[in-house]
Amino acid sequence: MQDVATLAGVSKQTVSNIVSGRSRVRPDTEARVRKAIDKLGFTPNLVARSLATGSTQTVGLFVPTVASPFYSEVVEEVENVLQAHGYHLLLCTTRSDGERARSNLASLSSRFVDALLIAGDRDLIDHLPLLNDAKFPVALCAWETDLPDTLPVVTIDYEHAGFLAGRHLRELGHTRAAVITELPAHAKRAEGFWRGFSGSQAGTDTGLTVEAPESSPEGGFTATEDALEQQPDTTAIFATHDILALGVLEAVRQCGRSVPADVSVVGLDDIAQVGHAHPALTTVAIPKREMAQQAVDLLLRAVTERRPPANAVSLLRPLLIERESTAEPAQRV
């Protein structure tokens, strides 16, 4: 640090202030210091800096898995925002294991991180009391069931996402639909669909809801076979996430029908793969990167201002992306 100060013609304290971001300096002075840092290859000692400043410049992130395209995008965006602010990411995965989630959460809550973001509610909803005494800001994102009133939440209006899918198919003229879903995790998506499709929460007069045995294309395939066997006159299927929808597309083909001539299919999420499916999938795009940005910004403001983040819920609106997998039912063509 002294070498950097000498080369830049400033004090060692000025270098420290710039590296730590504790105080502002003139732009030309910061530019000289940054140039000296680059020239000398100076790397701050993070352990020493954390002891001196009381900050690790690290934010923890919990996700169920990084294998899911949805959560991989969330992780990428969280890391992008953190890096832009000079922070590092500490990632933990719960892997649908409640005990693993509890253990990791208990361990992290006692470690020295500046803030914690929890994405996804499946494995951690019962363990949030562990954070009651956390000494750092905590926020939730991608939270779908039973929004807690003890922590701030930045999430998606999943019920409206389902509503958009249902309304789209109804406006095309479909009257018999099936929902392929995961329960109870995606109950709001299914409820929203039936509200948009039939005006009721159950949709018992216009179709059926079938639970997928697993969160995979294979799960979507199996549930779709079951749905078409139970209700052969189905002309529209909504899968509550795109991974299931990929299995739906294949199951419809295997049953001797075509998409969208015989059956229209809508997914939810807008992962990269569905734009290149055959046919390209109509889906409800959810603003997951915007969600991640807002959640991280909320936490970093709380860190900077040294106060808990506002205990509020922010719901982001999804958008229907119409592609080739939906059309009017055959009888209207």
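The values are calculated or read from the model by the stated rules, or taken from the named source; none is laboratory data. Source: prediction; values computed, not measured. Cβ coordinates were reconstructed from backbone atoms using ideal geometry, including for glycine residues, and neighbour counts include every protein chain displayed. Protein only, heavy atoms only, side chains kept; ligands, DNA and RNA dropped before computing areas. Shrake-Rupley method; radii C 1.70, N 1.55, O 1.52, S 1.80 Å.
Filter segment 77-90 down to the residues that are within 20 Å of residue 287 (Cβ to Cβ) and touching a residue at least 12 places away in the same chain (Cβ under 8 Å) and list them by number. Steps first, answer last, please.
Applying the first criterion (within 20 Å of residue 287 (Cβ to Cβ)) to segment 77-90 yields 77-82, 84.
77, 78, 81, 82, listed by residue number.
For the condition of a type in the set (Gly, Ala, Ser), surrounded by 15 or more Cβ atoms within 10 Å (Cβ to Cβ) and at pLDDT 85 or above, what is the one hit in 31, 36, 101, 67? I'd like the intermediate steps shown before the answer.
Values: 31 fails: surrounded by 15 or more Cβ atoms within 10 Å (Cβ to Cβ); 101 fails: at pLDDT 85 or above; 67 fails: surrounded by 15 or more Cβ atoms within 10 Å (Cβ to Cβ).
Only one candidate passes the filter, namely 36.
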Going residue by residue through segment 232-249, is there one that turns out to be open to solvent by 10 Å² or more (accessible area, probe 1.4 Å), of a type in the set (Asp, Glu) and over 22 Å from residue 322 (Cα atoms)? yes
Could you please tell me which pairs satisfy a Cβ distance under 6 Å, a separation of 6+ or placement on different chains, a first residue in segment 305-323 that is closer than 14 Å to residue 148 by Cα, and a second residue that is among the β-branched types (Val, Ile, Thr)? 313/153; 314/154
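What do you reckon, is residue 174 at pLDDT 90 or above, in a loop (DSSP other than H, G, I, E, B), open to solvent by less than 20 Å² (accessible area, probe 1.4 Å) and at negative phi?
Taking the combined requirement at face value, the residue satisfies it.
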With the checklist (1) touching a strand residue (DSSP E or B) at 6+ places or on another chain (Cβ under 6 Å); (2) open to solvent by 10 Å² or more (accessible area, probe 1.4 Å) in hand, flag the one item residue 299 doesn't pass. (2)
Assess whether residue 89 counts as being in a strand (DSSP E or B) and open to solvent by 30 Å² or more (accessible area, probe 1.4 Å). yes
Close pairs (8 angstrom Cβ cut-off, 6 or more residues apart or separate chains): among the aliphatic types (A, V, I, L, M) in segment 92-103, open to solvent by 30 Å² or more (accessible area, probe 1.4 Å) anywhere: 101/127
Residues of segment 213-240 classified as in contact (Cβ under 8 Å) with a residue 40 or more places away in the chain and in contact with a Ser or Thr (Cβ under 7 Å, 6 or more places away or on another chain), total: 6
Evaluate segment 267-275: report whether one residue or more is open to solvent by 60 Å² or more (accessible area, probe 1.4 Å), within 25 Å of residue 72 (Cβ to Cβ) and modelled with pLDDT under 95. yes
Scan segment 148-164 for residues that are in a helix (DSSP H, G or I) and in contact with a Leu (Cβ under 7 Å, 6 or more places away or on another chain) and jot them down. 161, 164
Looking at residue 81 and the list (1) in contact with a strand residue (DSSP E or B) (Cβ under 7 Å, 6 or more places away or on another chain); (2) among the hydrophobic types (A, V, I, L, M, F, W, C); (3) modelled with pLDDT of 90 or more; (4) closer than 18 Å to residue 139 by Cα, which single condition is not satisfied? (1)
